[in-house]
Amino acid sequence: MNVLLSIIVAIAFVLIAPLLGGLFMGCDRVLTARMQSRVGPPILQPFYDVAKLWHKEKAFNNPVETIFTTAYLVLMVLSGVMFTTGGNILLMVFALALAHTFLILAAYAANAPFSHIGAERELISVMITEPVLILIAAGFYMVSGSFQVIDLFIVDGSGIILLPGIFVALCFVILLRLRKSPYDISTSEHAHQELVKGVTTSFSGRNLAKVEIAHWFELVILVSLAILFFTHLLVFSAIMIIVCFTLLLIIDNVFPRVTWKMTMKSIWLITLFLGVLNLVLLGIFGVLL
Amino acid sequence: MYSPELIAILILLLVPVCAAILLAVCKPDIIRNILVGISSVIIIGTSLFLAWNAWLAPISVTIENAEWISTLLFIVELAISLVILGLSLKYRKVLPMILASVQLVLLIILEVYSAGRTHVSQTFVVNDLSLVMILIIGIIGTLICVYALGYMKDYHDHQTGVPNRKRYFFALMFLFLSAMFGIVLSNSLMWILCAWEITTLCSFLLIGYSKTPEAVTNSFRAVWMNIIGGIAFTLALIYLLYIPSPVNLLSVTGMLSYPGSPAGLTIPLALIALAGLTKAAQMPFSTWLTGAMVAPTPVSALLHSSTMVKAGVYILVLFAPLFAHTWVGVVLALIGAFTFLATSALAISQSNAKKVLAYSTIANLGLITACAGIGTPEAVTAAILLIIFHAVAKALLFLCVGAVEHKIGSKDIEDMDGLLVRLPLLATMMVIGICGMYLAPFGMLISKWAALEAFLTAPLGVVFVSILAFGSAFTIFFWTKWLGKLFMRMNKPPAEKVTLHFSEKLPVVVLGVLVIACCIGFPAIVSGVINPYLDTHYPFFIPGGMELFSFDNVAMIGLMGFIIVLLVLGALFGSKAGKTLPPYLSGCAVDREGRFLGSLGVYKEAKTSNYYLEEYCGEAKLLKPSWVISIILIIIMLGIGILGVMI
Amino acid sequence: MTSASKSPWILHYNASSCNGCDIEILAALTPVYDVERFGIINTGNPAHTDIFLVTGGVNEQNKVVLKNLYDQIPEPKVVVAVGICASSGGVFRDCYNISGGVDTIIPVDVYVPGCSVRPEALIEGIVKALGILEQKRAAMEERK
């Protein structure tokens, strides 16, 4: 891809991704409310929240929070830009991990019990996510012979046919990364619960707004990662996204939060038995295809 | 009459020995400081000179009277075995005694059978791989010796029960440097074996420096495990004598240019692999390295992270072209990869900073072993990158932990909260070291990427990739929680003003700069050093075949680095305006330090500690199963070696 | 109306209330009244809070806590005293350990009387508080 096109795509991503992410969050809140026979907030509510937070007084537990949350946002954007410009998927995974490291460090910096527990739990979820993301990169490499996202579009056939196990593992990781029940271990999705929003407890005002926006970006990145499995089946992928979204909402509303141990066990078992097995079979039979 | 290269080699081998003798004799601190300073400057200068020359063109020189030197070295080997035997007798340690006797007998057998046949045409060979090792030993090694000057002063101020044997300590450190140069410079396997044994002895004596019961036990554990490696090495050499070959197999160049099928070499290769595994403290031999952490920190930094254990993997990487396409290599790689996974998990359960560093060292050595066992050019690239980045970053971390321990009186990570406020310089360097160990865009991550790419094309590649994926997840966990502690706001009053010795400050800062320099210069390292090395050892090697080193990716890594620099600048010079809130403790905190006021008027500090996942990652849980698995793997490796199976 | 009043996040603190008003507050958060329609979220954390709801007459034990929580809320913030005890001390006003109303400890912007307060009154009070929040934010912008 030439440089000019890359820059245009990057700028488009930076502008559109937060809109999509915010709208998704808005839909999520409205639909959740409907499931509980409530009316729910306006669909643009996430944007109102962020705008309000942006204008609050600057306050923090530790001045480094400001720069760490900025780093979280910037690296999340960078990771997304790498992805959408057809760049290297491994590098994107590393940038994503780096971004989360900054969020965790910001939570640590407060040295307060709630945010410390949140930070540890967030760290555990990063740890749980990492193997899946690396296996996705490895799987794509085995399919297309390259880590470049762009090369996946050249391959005949879609990732979903060759990598179904990996795709299922990714779905669970999305559930974890969106901090949805039953895997909302690091933040407690609802603010008044015992973790008091865990990892974000110590952030207020602008810092919290940055974390929120970064979260929208992350959502878009993860969903596009899932779409990548359907490179030649765009209509089908749109249907899949809607189905997955609905499932996610139902799961979120039906299940209570599980412990971090349960989270680790369930997701890693899926990763091992579906993800790794998928790659092993691909390694054995890949030659035949 | 000698060429400048030969003189440089001799300086590297002999100056540390002379310095060791002088240091053993001179008592006053001031003379010791001067001696260490002068010899360090000489060693650094010479190693730079030699490395430069070797970079221009690989050096191979011959020395006259090699037979005399061989005899002298044989006597040294006998003496080492006798010293170990004597000390085992003195402390009534049966296992080391038996193993040392076996080693003694084997050495004599080797000497008798090899008499008159050990003529090696090239005495010293310096290629691009030994160049890397020379720079690591020459620069990092001497810096650690300089650091030890200030450290040992504080050490004896703190550990009043330990007898002051600084002369002995420094003599051993320099003797060790000489032995390390011997391993990487010599071409003759007999000489390498001798230097190998000297490093074992130095490590043994230095671990037991404080003479506490724990130190004595651990030092004997280290010695018996290392003697197993020595025995395997000796057996390999004896076996090599019996292989008919037109080239002299008792030399590195001879082995690498063996004209027959490598299937004929699998037995000595398996034995050498075992020797490398013991020296590199791979499972099931990992306990000697974690036990070695009782030694003073410079010892841990020099012997047990950046150089001696690297000798183990250096030998493996050296013979990597032979390991490629043999099942011995694949099983060796499995042992390494398994060690990486198990010790990364074990590191999570440790709160002692030195223990964490020890486990992480073993883990990284495991990754290098895995790469060496696979032995393809891509894997060797990853292995060499790992050796470089790990040596620099880990040495830095050890030195920081050592200095911090003397300033705050603890090496527990839980006590390091808010270190960035309490000891800004040391903590900054520690942050650089930790980032260098696992975060993008720093070095280790680049090497892990290279390893991943190499694994994908290897036999059983998926297994290696999965192990790497889970292992790196553990790595992220234990490093991040340590990093987090450093950035915490202070809930305690800062410690009183502490000063750092100049001899401690200098190596720490230089190493910190080196970590960053290596990261910036990694494309240069790959194209300037690693590619020429691979070119000479792999006939079908195409430079630039790895995706990692394509321009786009290097540019992206550069961009990431640039963003990090901007963020650091932002942190230093950005606006810090705003209200600082006390930590949220349900409104109960009574002061800004976040203390609770109890119902009886007692102040309680709200303290939370990191997760250690003892239930899953504790030593009690993981060590024994890991031993069983790794011993089975080693037996398989030796069995395959005997069968001589090829892929 | 700016974003400030479209997304008021509340913090609820019981300063020795009899729990009557607290139950009504929670009732207002149930699907029947569904205050999330107005973007209202019950946070448990002063750092995220805009509107501080306090019930009860404030006794000696929780004076400090109340003050701490108030100090930890970033500007602009509005305090709503919920129920008659919070407004004036109510029937407990003369008790030996009661300060007599939230405003004896921290400044209060809106008083919602009642024993116990009804959800409708509470929502009305919060809507009043939103107006004050707007004013405070405008004042803050001006100071900049």
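Laid out as a table, the results:
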item: Verdict on residue B:66 being modelled with pLDDT under 85, open to solvent by less than 30 Å² (accessible area, probe 1.4 Å) and not aromatic (Phe, Trp, Tyr); result: yes
item: Residue count for the stretch B:1-23, restricted to those that are over 21 Å from residue B:192 (Cα atoms) and either without any contact (Cβ under 8 Å) to a residue 12 or more places away in the chain or open to solvent by 10 Å² or more (accessible area, probe 1.4 Å) (or both); result: 6
item: From the options B:509, B:498, B:515, residue that is within 30 Å of residue B:611 (Cα to Cα) and either modelled with pLDDT of 90 or more or open to solvent by 20 Å² or more (accessible area, probe 1.4 Å) (or both); result: B:515
item: Residues within the stretch B:452-474 that are within 22 Å of the chain's Cα centre (by Cα), closer than 20 Å to residue A:100 by Cα and open to solvent by 10 Å² or more (accessible area, probe 1.4 Å), tallied; result: 2
item: First in the stretch B:611-636 and more than 14 Å from residue B:287 (Cα to Cα), second anywhere and surrounded by fewer than 12 Cβ atoms within 10 Å (Cβ to Cβ), Cβ under 9 Å, 6 or more apart; result: B:614/B:620; B:621/B:615
item: Hits in the stretch A:29-54 - residues which are out of contact with any helix residue (DSSP H, G or I) (no Cβ under 8 Å at 6 or more places or on another chain) and over 23 Å from residue A:254 (Cβ atoms); result: none
item: Residue A:53 vs. criteria open to solvent by 20 Å² or more (accessible area, probe 1.4 Å) and either farther than 15 Å from residue B:564 by Cβ or more than 11 Å from chain B (Cβ to nearest Cβ) (or both); result: no
item: Hits in the stretch B:331-348 - residues which are under 13 Å from residue B:371 (Cβ atoms) and open to solvent by 10 Å² or more (accessible area, probe 1.4 Å); result: B:334
item: Checking residue A:169 against (1) modelled with pLDDT under 85; (2) within 13 Å of another protein chain (Cβ to nearest Cβ), the condition it does not meet; result: (1)
item: The one condition in (1) surrounded by fewer than 22 Cβ atoms within 10 Å (Cβ to Cβ); (2) in contact with a helix residue (DSSP H, G or I) (Cβ under 8 Å, 6 or more places away or on another chain) that residue B:202 fails to fulfil; result: (1)
item: Which numbered condition residue A:45 misses (of (1) under 30 Å from residue C:142 (Cβ atoms); (2) touching a residue at least 60 places away in the same chain (Cβ under 8 Å); (3) crowded, with 18+ Cβ neighbours inside 10 Å); result: (2)
item: Members of the stretch B:547-577 that are within 19 Å of residue A:60 (Cα to Cα) and within 30 Å of the chain's Cα centre (by Cα); result: B:568
item: Residue match in the stretch B:367-380 (condition: outside any helix (DSSP H, G or I), crowded, with 24+ Cβ neighbours inside 10 Å and modelled with pLDDT under 90); result: yes
item: Out of A:33, A:59, A:10, sole residue that is in contact (Cβ under 8 Å) with a residue 24 or more places away in the chain, within 12 Å of another protein chain (Cβ to nearest Cβ), over 26 Å from residue A:96 (Cα atoms) and small (Gly, Ala, Ser); result: A:59
item: Residues (in contact (Cβ under 8 Å) with a residue 40 or more places away in the chain, open to solvent by less than 10 Å² (accessible area, probe 1.4 Å) and of a type in the set (Ser, Thr, Tyr)) located in the stretch C:28-50; result: C:49
item: Qualifying residue in the stretch A:211-226 (condition: within 14 Å of chain C (Cβ to nearest Cβ), of a type outside the set (A, V, I, L, M, F, W, C) and closer than 19 Å to residue A:72 by Cβ); result: yes
item: Close pairs from the stretch B:135-160: first among the basic types (Lys, Arg), partner assigned to a helix (DSSP H, G or I), Cβ under 9 Å, at least 6 apart; result: B:153/B:29; B:153/B:166; B:153/B:503
item: Residue within the stretch C:41-49 that is farther than 19 Å from residue C:86 by Cβ, aliphatic (A, V, I, L, M) and within 10 Å of chain A (Cβ to nearest Cβ) present; result: yes
item: Enumeration of residues in the stretch C:59-68 that are crowded, with 18+ Cβ neighbours inside 10 Å and modelled with pLDDT under 90; result: C:62, C:65, C:68
item: Residue A:66 within 11 Å of chain B (Cβ to nearest Cβ), of a type in the set (Val, Ile, Thr), farther than 20 Å from residue A:215 by Cβ and in contact with a Phe, Trp or Tyr (Cβ under 9 Å, 6 or more places away or on another chain); result: no
item: Condition broken by residue C:48, with the remaining ones in (1) modelled with pLDDT of 90 or more; (2) closer than 25 Å to residue C:141 by Cβ satisfied; result: (1)
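The values are calculated or read from the model by the stated rules, or taken from the named source; none is laboratory data. Model, not experiment: these values are computed from the prediction. Cβ: placed from backbone, ideal geometry, glycine included. Neighbour counts: every protein chain shown. Ligands, DNA and RNA are stripped out before the accessible areas are found, and what is left, the full protein with its side chains, is counted by its heavy atoms. Shrake-Rupley method; radii C 1.70, N 1.55, O 1.52, S 1.80 Å.
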